[in-house]
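Each remark here refers to the structure printed beneath this line.
The values are calculated or read from the model by the stated rules, or taken from the named source; none is laboratory data. Predicted, not measured: the structure shown is a model, and the values here were computed from it. Cβ: placed from backbone, ideal geometry, glycine included. Neighbour counts: every protein chain shown.
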Amino acid sequence: MSDIRLIMIGAAIIFGGFVVGGIGNSGYSQYAIQQQNFDDCYDYSSGIAMHVKCSDKSYDHMLYLLMSLALLGVGGIVMYKGIRGKWDHDVKDNEMLGPEDS
């Protein structure tokens, strides 16, 4: 029997990785397009075009991507440990809870 708690925690961590990757990186797509097509990047979020460094925005984008990949990797490892499930089998008799079947 596997340890369902670790499987659930791993699934939650993986979900967090997808959320960080999807929501965190969505704001940087305009800078990636501007960097590929033009030499300058502009921020239009305030309603006025403000010049920003493309390299800084690219660096921020990579940090979000690395954080997302790290969360996906950690979640996968935790889920794998839960599927292997050695913790349920290593419980001592005096630590078990519930009705005793003697």
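Keeping to region 66-84, report how many residues are closer than 19 Å to Asn25 by Cα and either of a type in the set (D, E, K, R) or surrounded by 19 or more Cβ atoms within 10 Å (Cβ to Cβ) (or both). Total satisfying the criteria: 2. Within region 12-67, the set of residues being under 21 Å from the mean Cα position of the chain (by Cα) and among the aromatic types (Phe, Trp, Tyr) comprises Phe15, Phe18, Tyr28, Tyr59, Tyr64.
Would you confirm, using the coordinates I've provided, whether Tyr31 is out of contact with any Pro (no Cβ under 7 Å at 6 or more places or on another chain) and farther than 23 Å from Ser68 by Cβ?
On the way: out of contact with any Pro (no Cβ under 7 Å at 6 or more places or on another chain): yes; farther than 23 Å from Ser68 by Cβ: no.
It is false that Tyr31 is out of contact with any Pro (no Cβ under 7 Å at 6 or more places or on another chain) and farther than 23 Å from Ser68 by Cβ.
Listed residues Ile33, Ile77, Ile48; which is over 29 Å from Ile4 (Cα atoms), modelled with pLDDT of 85 or more, out of contact with any strand residue (DSSP E or B) (no Cβ under 7 Å at 6 or more places or on another chain) and among the aliphatic types (A, V, I, L, M)? Spell out the reasoning first.
Details: Ile33 fails: modelled with pLDDT of 85 or more; Ile77 fails: over 29 Å from Ile4 (Cα atoms).
Ile48 is the lone residue from the list that is over 29 Å from Ile4 (Cα atoms), modelled with pLDDT of 85 or more, out of contact with any strand residue (DSSP E or B) (no Cβ under 7 Å at 6 or more places or on another chain) and among the aliphatic types (A, V, I, L, M).
Please determine whether any residue of region 16-28 is more than 23 Å from Lys81 (Cα to Cα), at pLDDT 85 or above and surrounded by fewer than 16 Cβ atoms within 10 Å (Cβ to Cβ). Scanning region 16-28, I find at least one residue that is more than 23 Å from Lys81 (Cα to Cα), at pLDDT 85 or above and surrounded by fewer than 16 Cβ atoms within 10 Å (Cβ to Cβ), so the answer is yes. Can you tell me which residue within region 1-15, out of those that are among the aliphatic types (A, V, I, L, M) and at pLDDT 90 or above, is farthest from Gly75 (Cα to Cα)? Residue satisfying both the conditions and the ranking: Met8.
Scanning region 27-70 for residues that are among the small types (Gly, Ala, Ser) and assigned to a helix (DSSP H, G or I) gives Gly27, Ser29, Ala32, Ser55, Ser58, Ser68, Ala70.
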